[in-house]
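Student: The following block contains the structure, expressed as structure tokens.
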Amino acid sequence: MTLLHLIKFPKYLFRCSGVDDFWLMWDQTVYISLLRNIYHFTRKEEFAKWPAFKGSVGNACLAFCKDSETDSGTWHRAVVSQINGDVGTVTYVDYGESGPVKMSELKHLPTCFAVLPPLAFRCTLDGINSTENDVHVDAFAELFWNSYPVTAQFKKMKAGKLSVRLFTSDNVDLTTRLFNEPSGHFGGKVEIDSNCGQLETA
């Protein structure tokens, strides 16, 4: 028997390149708490001597993400996807951003932070094809934000992404709504569900 996993997302949509490539975060409260704990850990005096990253592609680490306009930044959990000399490419697993980082700015991931699974999921909308992607990307983002919270039904893995169906709190399929209603003319906001972030299995 196939199990369909349901997660309620409190309204967090990241890195929406289109209906075939977007990231969802299922609990921003946990994310904020995690960032706070990492911040306090990296501010400790002994962090200066914390072991550097010694792993390889596919391994988890702490990566320093610089602000684009300043030299300041913050540390985040990440997975190394590529190493080219003294520069690596990482994906920040809790919100889906990717980018280059100096290898000297990668640290060993402490066990206390490694036990928590990634908080963001790379997804593709089930039931669409790539030719529909560009036409509907803006409408999809608008529809998502006007329909929170949403429930994601995980159907299958597709090219390394979770193929999902998205539903409003009153069980309206966003895929059907996206392709059957005029772009930019979707319904009003729904009431925020107090159970947002609860992991369910059906």
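Values quoted throughout were computed directly from the atomic coordinates according to the rules given, and no laboratory measurement underlies them. Quantities reported herein were computed from a predicted structural model and do not represent experimental measurements. Cβ placement follows ideal geometry from the backbone for every residue including glycine, while neighbour counts extend to all protein chains displayed.
Student: Could you give the nm distance between label points at SER104 and GLN82, where each point is 7 Å from its Cα heading toward the beta carbon?
Tutor: Label at SER104, label at GLN82, 2.2 nm between them.
Student: Taking R0 as 35 Å, what's the FRET efficiency between VAL172 and PHE113 from their Cβ-Cβ distance, rounded to 0.05?
Tutor: 0.40
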